[in-house]
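Enquirer: Pasting a structure here, questions to come.
Any read-out appearing in this document is the output of simple, stated calculations on the displayed coordinates, not a laboratory observation. Owing to the predicted nature of the structure, the values given are computational and were not obtained by experimental measurement. FYI the Cβ positions are ideal-geometry reconstructions off the backbone, even for glycines, and counts take in every protein chain you see.
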Amino acid sequence: MTLAEKIRGLRVKNGYSISKVSRHVGVDRTSIYRWEEGITTPTLASLTLLAQFYGIDVRKLLEEDELIDLRLLVKNLEARVEKLERKGDGV
């Protein structure tokens, strides 16, 4: 099961709307949708908040497809760093 499937599955299993989860995690609804579709991956901070919200250990979200999911986390982090560096170059 992928991280995206786990995120969606937990939300559906608990009967929560995307809006409710997004308010708890502090991100917009589009972010939750993208995580559930596997388009993007949540930050470690967001993963931690998701795990707390559902009362599980964050490792439960990452087990099985851990290597693939960690690669996605790194890829997203690298993209954010590049974006910040480009902003810094323009200042």
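Enquirer: Filter the stretch 20-34 down to residues that are in a helix (DSSP H, G or I), under 17 Å from Gln52 (Cα atoms) and of a type outside the set (Lys, Arg), then give me how many there are.
Expert: Adding up the residues that qualify gives 5.
Enquirer: How many residues, within the stretch 44-56, are crowded, with 16+ Cβ neighbours inside 10 Å and closer than 15 Å to Leu77 by Cβ?
Expert: 2
Enquirer: For the stretch 28-43, give me the residue count where each residue is farther than 15 Å from Leu73 by Cβ and not basic (Lys, Arg).
Expert: Here the count works out to 6.
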